[in-house]
Amino acid sequence: MPKVTYIESTGRAHTIEVKEGWSLMEGAVKHLIPGIDADCGGACACATCQVYVDPAWEAQLPPQSDMEETMLDFAPERQANSRLSCQLRMTAALDGIVVYLPKSQH
Amino acid sequence: MLAPRRKQQKQSDMSEKIVIIGAGQAAAQAVQSLRNDGFDGPITLVGEEPYPPYQRPPLSKAYLLGQFERARLFLKGDDYYPNAGCELWLNTRARAIHRAGRAVELEDGRMLPYDKLLLTTGARVRKLNCAGADLPGVHYLKTIADVDALQAAFTAGRRIAVVGGGYIGLEVAAVAAKRGLKVTVFEAMDRLMARAVSPQLSAFYAGEHEKAGVDLRLKTGVEEIGGHGKVEWVRAGGTTYDADMVLVGIGVVPCEELAREAGLACEDGIVVDRNARTGDPHIWAAGDCTRHVGREGHAIRLECVQNAIDQAKHAALAMTGKPKIYSEVPWFWSDQYDLKLQIAGLARPSDAIVQRGDPAARKFSVFHLRDGKVAAVEAVNAAPDYLIGKKLIAEGTRVDPARLADLSIPIKQVAG
């Protein structure tokens, strides 16, 4: 299974396997990675699963939908490499991807 | 796999045992929050269904559509519970709470002692009460098993009669229409989702369902279901409609029997205070099963993910000796076709209405103002309006209705 590394704002890193087709949010929530709230369960309805994508991986991600773009506008401390992890589907090509977690989702 | 981080525990917690009855969203949140809040004693989670806690919202949406595999429904990974020191007792029904001896009696006679008890028993579907309501082919939607049974009958061309034009009925209607079934919705009230949304939204959604080919029958209650050994027809408003299956979505009733029989106050929901505590200092309750004092100061019962999550968090805080008043803004969502409905706050018919955007554009919102402040917002494909609306509700900000209605002012700047 492809792996994702989530790095907390404190620098603590967690590398876990995420099934292809699942979202990076689901991988984090099911393994209790702190820092991703995802209150809505992945409906792109709450903007509480923001991650900062390592620049080395940004180009390999699908573009943002209008909905994601709009919701991100409301995420705290948005950066150029911000994405909503519920909208990022795991693929074999993303094996090894690194994402950083914000201090808070609210 | 990560074990949840356990904080240094207090001596007084050493021997405490927490039992949670009901294994839904509130229970999963409570386990997580109890650990985050420093509780380090044993937790036992008792649930009637064969599954660990799972998300119910996708059941009537992506899961029914076949676009969401079952494993994704589960709120936690398989090894989460053992790692969290939480025993899962599934397929297990609680029969009684013995408050004096602080133990839960299970259906098989076993006794489960507790120091603190959390009831997250949820709600069960309200059953249709008419002739033929028990025929094969009459479905309800609350559990994974319910959806699996319904899905097996979902074949293009078949006729489905949906009883109840609320969230569940309409989400199923949308999926059924998309899958090529012939859909008729029967709603006893004069508009859709009458309990949950404003008349403006009801009218808009009626139009959308009709565009999708759904036959809407308002002010039409179902009188009888008939057929030879299975559903073949439905009689409603004096007319008989052919039907191959029926989906009933006429609301839920709180699962409060355990609490009531144990002598705890129940008034259409287990009565709890703003710390999620019942009248017994050792028993708390959270989620759909509770009646609590809402942020507007009167007793309410909420059926939603938000309440399951937030009330469970507050129960955990109180159970670990750090009580905090629960006063979060309620929020809800519904997916029908490509329309994302997001609602925050609780509207009242007496609120002033301000519409932002044009329903014809399929992107608009309806704000409900009370004493000049936003009390509720209903947003269709308009997430920014929802998010800002929710914030304005929480902060009690006064807004100018004219600015709110003016699309040339970005929603972020409306409150000035």
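What follows is calculated from the coordinates using simple rules that are stated; it is not laboratory data. Nothing here was measured: the structure is a model prediction, and the numbers come from that model. FYI the Cβ positions are ideal-geometry reconstructions off the backbone, even for glycines, and counts take in every protein chain you see.
State whether the residues of segment B:378-389 include one that is over 18 Å from B:ALA194 (Cα atoms), touching a residue at least 60 places away in the same chain (Cβ under 8 Å) and either more than 11 Å from every other protein chain (Cβ to nearest Cβ) or not β-branched (Val, Ile, Thr) (or both). Explain how you work it out, then say what you get.
To start, the set of residues in segment B:378-389 that are over 18 Å from B:ALA194 (Cα atoms) comprises B:381-389.
So of that shortlist, the ones also touching a residue at least 60 places away in the same chain (Cβ under 8 Å) come out as none.
There is no residue in segment B:378-389 that is over 18 Å from B:ALA194 (Cα atoms), touching a residue at least 60 places away in the same chain (Cβ under 8 Å) and either more than 11 Å from every other protein chain (Cβ to nearest Cβ) or not β-branched (Val, Ile, Thr) (or both).
Consider A:ALA75 carefully, then state whether it is under 27 Å from B:GLN342 (Cα atoms) and either at the interface with chain B (Cβ under 9 Å from one of its Cβ atoms) or under 12 Å from the mean Cα position of the chain (by Cα) (or both).
Judged against the criteria, A:ALA75 is not a match.
Results for (1) in contact with a Leu (Cβ under 8 Å, 6 or more places away or on another chain); (2) of a type in the set (S, T, N, Q); (3) outside any loop (DSSP other than H, G, I, E, B), shown as yes or no for each residue.
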residue	(1), (2), (3)
B:LEU201	yes, no, yes
B:PHE204	no, no, yes
B:HIS209	yes, no, yes
B:GLY213	no, no, no
B:TYR241	no, no, yes
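Where in segment B:27-134 are the strands (runs of 3 or more DSSP E), entirely inside, with at least 1 residues that are in contact with a Cys (Cβ under 8 Å, 6 or more places away or on another chain) and more than 14 Å from chain A (Cβ to nearest Cβ)?
Strands (runs of 3 or more DSSP E) meeting the threshold: B:43-46, B:116-119, B:123-125.
Just a yes or no: is a residue in segment B:390-400 more than 14 Å from every other protein chain (Cβ to nearest Cβ), among the β-branched types (Val, Ile, Thr) and assigned to a loop (DSSP other than H, G, I, E, B)?
Looking for residues that are more than 14 Å from every other protein chain (Cβ to nearest Cβ), among the β-branched types (Val, Ile, Thr) and assigned to a loop (DSSP other than H, G, I, E, B), one finds at least one in segment B:390-400, hence yes.
Out of (1) in contact with a strand residue (DSSP E or B) (Cβ under 8 Å, 6 or more places away or on another chain); (2) touching a residue at least 40 places away in the same chain (Cβ under 8 Å), what's the single condition that is false for B:GLY157?
(2)
Of A:LEU88, A:LEU84, which residue is touching a residue at least 60 places away in the same chain (Cβ under 8 Å), under 20 Å from B:ALA62 (Cα atoms), touching a Leu at 6+ places or on another chain (Cβ under 8 Å) and surrounded by 15 or more Cβ atoms within 10 Å (Cβ to Cβ)?
A:LEU88
Here is a yes/no grid of residues against (1) under 30 Å from B:LEU181 (Cα atoms); (2) crowded, with 18+ Cβ neighbours inside 10 Å; (3) among the aliphatic types (A, V, I, L, M):
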site	(1), (2), (3)
B:THR44	no, yes, no
B:PHE68	yes, no, no
B:LEU73	yes, yes, yes
B:LEU88	no, yes, yes
B:ALA94	no, yes, yes
B:ARG124	yes, no, no
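Has segment B:212-220 got at least one residue that is touching a Gly at 6+ places or on another chain (Cβ under 7 Å) and either polar (S, T, N, Q) or surrounded by fewer than 18 Cβ atoms within 10 Å (Cβ to Cβ) (or both)?
yes
Looking at segment A:1-33, which of its residues are surrounded by fewer than 18 Cβ atoms within 10 Å (Cβ to Cβ), over 16 Å from A:ILE97 (Cβ atoms) and without any contact (Cβ under 8 Å) to a residue 60 or more places away in the chain?
Correct list: A:THR10, A:GLY11, A:ARG12.
Which of the residues that make up segment A:50-106 are in contact with a Pro (Cβ under 7 Å, 6 or more places away or on another chain), among the acidic types (Asp, Glu) and under 16 Å from A:GLU8 (Cβ atoms)?
If the condition is that a residue be in contact with a Pro (Cβ under 7 Å, 6 or more places away or on another chain), among the acidic types (Asp, Glu) and under 16 Å from A:GLU8 (Cβ atoms), then A:GLU77 is the only one that fits.
Only residues that are away from chain A (no Cβ under 11 Å), out of contact with any Gly (no Cβ under 9 Å at 6 or more places or on another chain), buried (at least 17 other Cβ atoms within 10 Å of the Cβ) and part of a strand (DSSP E or B): list them for segment B:326-352, please.
The answer is B:GLN336, and nothing else.
Say whether the condition of being in a strand (DSSP E or B) and more than 20 Å from B:ASP134 (Cα to Cα) is met by at least one residue in segment B:179-190.
Among the residues of segment B:179-190, at least one is in a strand (DSSP E or B) and more than 20 Å from B:ASP134 (Cα to Cα), which makes the answer yes.
For segment A:1-17, enumerate the residues that are out of contact with any helix residue (DSSP H, G or I) (no Cβ under 6 Å at 6 or more places or on another chain), of a type outside the set (Asp, Glu) and not in a strand (DSSP E or B).
A:MET1, A:SER9, A:THR10, A:GLY11, A:ARG12
Per-residue answers, yes or no, for (1) within 13 Å of chain B (Cβ to nearest Cβ); (2) not in a helix (DSSP H, G or I):
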residue: A:LYS19; (1), (2): yes, yes
residue: A:GLY27; (1), (2): yes, no
residue: A:TRP57; (1), (2): no, no
residue: A:MET67; (1), (2): yes, no
residue: A:CYS86; (1), (2): yes, no
residue: A:LYS103; (1), (2): no, yes
